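Structure first, commentary second.
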Amino acid sequence: MVLSDVLARVEADSDKALEVLKEYCRFPTISAHKKAQPETAAFVRRLLAENGFEAREYPTEGGPNVVFGQMIVDERKPTLLMYQHYDVQPVDPLNEWKRDPFDPTMADGKFWGRGCGDTKGNLIMQLLAVQAWQRVEGRPPINLKFVVEGEEEVGSPHFASFVHANKEILKADGATIEGGDHLHEGTPKIELGCKGILYVEMVSRTASVDQHSSYAAIAPNPGWRLIHFLTTLRDANGRIKIPGWYEDARRPTARELRYLRASAFSADALKGFWGVKQFIGGENNFELLRRLIYSPTCTICGFVSGYIEEGTKTVNPAVAKAKIDFRLVPNMKKEKQLAKLRDHLKSKGFEDIELRPAPENLEAAAISLAARVVKAAIKGSVDAYGREPEVWPWSAGASAHGFFNEVVGVPSISGPGVSYDGSNYHAPNENIRLTDFIGGSKHMAAMFARM
Ligand SMILES: [Zn+2]
């Protein structure tokens, strides 16, 4: 009875919450450019305080403030910690946006603006769930904590030290990380962890200055040099060729695969969103999903050398650079994989190529289906949507699960959330569907009651 009143309250108050989301999304908090971080942190702190949280900002050394807020309703009740980040990705290529990324609008049943899905919308959706409980019952049914950092999109370089220094305040019985997606047809999705990321810049320098390309018959070319090395990393089917690369990778369990087999994952829908003709790994949805989740990846994120402006320039360049990301599945540790990459570079005779690992700190991590926070999210989905969510053993992306599971000792999941598989994370025209915003908030409100 109470819960159905709370869920109705969420629905009734969602318009007001979306107005607050507009305000939040107007901050151009691009962490890669160190933009608007102090004012966005202050906005989040005020928002938490206005909603009854004891809230404060924690400075980090050399980084933006982390915002922490808590609402302890009863020490004997369980505590849920919600992690979010207030920063967003850069907006280029700007000319592909149909609307101003930092002047959010609502149209076609969707909310448009940078950060609405990743992940400003999730914080506002969660606060809507808190408010609904406050209006119906005076307070939420459990203790709640928020921790909101400002550098997730650049790999959380200062969050680790915050977590290590503040383990005590972060203690909880479960945590949700950012938010979950919905599938194209509206089924919510939760993920029990994330992949990790090893990001490496590779630089080939074969001369101190560029040369006339007529000397190419005798002068080395850094572009070719780097390409030759890159082709030793991965085959055409995506299999990584570095010796021992897969050794530690966690294997699927039968229960995990049962959930995946029941998944409504549709490769065709993704192909439609992205305009991709053919995926690597065949046509079968289950096989593609299994591959998406359990496969480590090696991706050329960018490659640059020489002249690519208009017209011709016959040059043999001195330098070539590539940015490569390796996504790692749980149990694969960044430092160990980097050592394998270095050994491989050496054994293939490419020691002249410089490896510059980025200071990113997100390790792969995942919890089991038996955790309390997982059960609460599954039951909450039945309350809010009338059906179980999709359950993925971990997400294909990197996130902060490792900090919580391993450093603080709080089992964490992703979800409930506000986005869907067409939300255009990190891309132009980021958007969320209003139905998912409301659904995510109901799911969250129900999950509070099920913890
Ligand atoms: Zn992101």
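The values are calculated or read from the model by the stated rules, or taken from the named source; none is laboratory data. Everything quoted here is computed from the prediction, not taken from an experiment. Reconstructed Cβ throughout: ideal geometry from the backbone, glycine too, with neighbour counts over all protein chains shown. Accessible surface areas use protein heavy atoms only, side chains included; no ligands, DNA or RNA. Shrake-Rupley method; radii C 1.70, N 1.55, O 1.52, S 1.80 Å.
Some values worked out for this structure:
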quantity	calculated
Selected residue (criterion: nearest to V148 (Cα to Cα)) from residues of the stretch 109-124 that are hydrophobic (A, V, I, L, M, F, W, C) and within 16 Å of the ligand (Cβ to nearest atom)	L123
Residues of the stretch 168-211 that turn out to be open to solvent by less than 10 Å² (accessible area, probe 1.4 Å), of a type outside the set (A, V, I, L, M, F, W, C) and more than 30 Å from S381 (Cα to Cα), as a count	1
Selected residue [aromatic (F, W, Y), part of a loop (DSSP other than H, G, I, E, B) and closer than 25 Å to Y425 by Cβ] from F273, F265	F265
Matching residues in the stretch 66-93 - criterion: being over 28 Å from A445 (Cα atoms) and at pLDDT 95 or above	Q89, P90, V91
Condition broken by L127, with the remaining ones in (1) away from the ligand (no atom under 16 Å from the Cβ); (2) open to solvent by less than 50 Å² (accessible area, probe 1.4 Å); (3) not in a helix (DSSP H, G or I); (4) not aromatic (F, W, Y) satisfied	(3)
Of all residues making up the stretch 249-284, the number that are of a type in the set (D, E) and surrounded by fewer than 16 Cβ atoms within 10 Å (Cβ to Cβ)	2
Leading residue by the ranking (nearest to the ligand (Cβ to nearest atom)) among those in the stretch 131-155 that are among the β-branched types (V, I, T) and crowded, with 24+ Cβ neighbours inside 10 Å	V148
When residues of the stretch 392-410 are limited to those that are more than 20 Å from T119 (Cβ to Cβ) and modelled with pLDDT of 95 or more, the one most open to solvent (accessible area, probe 1.4 Å)	G409
Among residues of the stretch 322-341, those that are open to solvent by less than 30 Å² (accessible area, probe 1.4 Å), part of a strand (DSSP E or B) and not aliphatic (A, V, I, L, M), counted	2
